[in-house]
Amino acid sequence: MTKEVREDLAKCAHVRFDEPMSAHTTLGVGGPADAFCDLETIEELKNVMRLAVEHRLPYFFLGGGSNLLVQDGGIRGLVLRLGGDFKIYQIGQDFGDEVLLEAGAAAHTPQLVRWSLEQGLQGMEVLAGVPGTIGGNVMMNAGTKLGCLADLIDEITVLDRNAREMTMKAKSLRFEYRHLKLPSTACVLRAVFRLKRSAALQGGPSLGDLLAKRRATQPVAEQSCGCVFKNPPKISAGQLIEESGLKGVRIGKVRISTLHGNFFINEGGATAREIMVLIRLVKDRVKEATGITLETEVVIVGEEKRR
Ligand code: EPU
């Protein structure tokens, strides 16, 4: 990136150069991003995107970094992180028994889940215990056994690579298991959820119960990226990993959790390379033992480190 481009970028937004991505992922690994931009307003975002297109710089939107594996060579081009205005959420249209909840892409999902339940709204509990931001969670169609974001979405607003805002209704969105099909250059700006009004979670467990269950079955306090693999149809990838005798297996500073087989734990100072080797090993062993091919759920970005 030339000095001129760096200076232009610094005029548009708060930007850090050669920023280690290990500081911005829950897994705690990842090499440097050429430029890491914090964007507080739609104007800042549009200006930076215009610059990226003009200078043909690749760009990548970071959510909460909780489902992300950045390789050790880091990310060329721009990493864009939304904050400021994009953190806002509020109740919008009210239909009596149903309301629309509008949330900016940078809204913190655990906070929004708690708040919406406190408002007597039912629906967001399907995200109980899911980390990250609403933008990232929409892109991942995040969820739990109770359901996923696709069940709640009324519409989303995205920004395309020409910095045009576009609102898309739920029925035009192609949600899949842990994935929303959108161009990788598109950015989610806002999501609107259709939620039911209810005094309490009807018939279901409380948020506290759901979080306690998660703590008992998943290593939530350790450094990880959540589940590494998608669940194959009708079976848990964690169970397949356990049945293949892989729990506790370690490569360098990364270990397969002994609590839940689909979690890889960074024990301190792990590298992306170690995690990639462990992913390969698990895929091979599970295939050998069960005949099932696991697919990664964690999003892998960036370049390998040159040796
Ligand atoms: N199991 C094992 N061994 C293990 C892990 C699980 O035998 O090491 C068994 C459990 O005993 C249980 C079954 O597998 O009978 C299902 O386990 P669990 O309830 O933990 O759910 P999961 O299918 O492994 C999914 C999601 C999680 C989500 C939980 C709870 C995926 C890939 N995983 O896990 O999501 O938190 O349900 O709703 O969809 C994530 O997406 O990052 C994630 C953590």
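Summary of computed values
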item	result
Candidate set from region 243-287 (those that are without any contact (Cβ under 8 Å) to a residue 40 or more places away in the chain, within 14 Å of the ligand (Cβ to nearest atom) and under 22 Å from the mean Cα position of the chain (by Cα)); member that is nearest to Asn67 (Cα to Cα)	Asn262
Residue selected from region 272-290 under the condition open to solvent by 50 Å² or more (accessible area, probe 1.4 Å) and of a type outside the set (D, E, K, R), by the criterion farthest from His179 (Cα to Cα)	Ala289
Which listed residue is open to solvent by less than 30 Å² (accessible area, probe 1.4 Å) and farther than 26 Å from Val192 by Cα, from Glu19, Glu7, Glu54	Glu19
Residue, modelled with the highest pLDDT, within region 192-212, restricted to residues that are touching a strand residue (DSSP E or B) at 6+ places or on another chain (Cβ under 9 Å) and not in a strand (DSSP E or B)	Leu210
Unique match (being among the small types (Gly, Ala, Ser) and either assigned to a helix (DSSP H, G or I) or modelled with pLDDT under 95 (or both)) among Gly261, Gly269, Gly238, Gly245	Gly238
Odd one out for Pro219, checked against (1) more than 9 Å from the ligand (Cβ to nearest atom); (2) part of a helix (DSSP H, G or I); (3) open to solvent by less than 40 Å² (accessible area, probe 1.4 Å)	(2)
Gly120 crowded, with 16+ Cβ neighbours inside 10 Å and either closer than 29 Å to His24 by Cβ or modelled with pLDDT under 95 (or both)	no
Test: residue in region 199-211 that is within 7 Å of the ligand (Cβ to nearest atom) and among the small types (Gly, Ala, Ser)	no
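Yes or no, residue by residue, for (1) more than 16 Å from the ligand (Cβ to nearest atom); (2) open to solvent by less than 40 Å² (accessible area, probe 1.4 Å); (3) over 23 Å from the mean Cα position of the chain (by Cα):
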{"site": "Ile156", "(1), (2), (3)": "yes, yes, no"}
{"site": "Glu165", "(1), (2), (3)": "yes, no, no"}
{"site": "Arg178", "(1), (2), (3)": "no, no, no"}
{"site": "Pro183", "(1), (2), (3)": "yes, no, no"}
{"site": "Leu189", "(1), (2), (3)": "yes, yes, no"}
{"site": "Phe193", "(1), (2), (3)": "yes, yes, no"}
{"site": "Arg214", "(1), (2), (3)": "no, no, no"}
{"site": "Ala237", "(1), (2), (3)": "no, yes, no"}
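Residue by residue, here is whether (1) open to solvent by 30 Å² or more (accessible area, probe 1.4 Å); (2) in contact with a His (Cβ under 8 Å, 6 or more places away or on another chain); (3) part of a strand (DSSP E or B) holds:
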residue	(1), (2), (3)
Val15	no, no, yes
Val48	no, no, no
Phe61	yes, no, yes
Gly64	yes, yes, no
Asp72	yes, no, no
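The values are calculated or read from the model by the stated rules, or taken from the named source; none is laboratory data. Just so we're clear, the structure is a prediction, and the values are computed from it rather than from any experiment. Note that we place each Cβ from the backbone using ideal geometry, even for glycine, and neighbour counts take in every protein chain shown. SASA here: full protein model, heavy atoms, side chains in, ligands and nucleic acids out. Shrake-Rupley method; radii C 1.70, N 1.55, O 1.52, S 1.80 Å.
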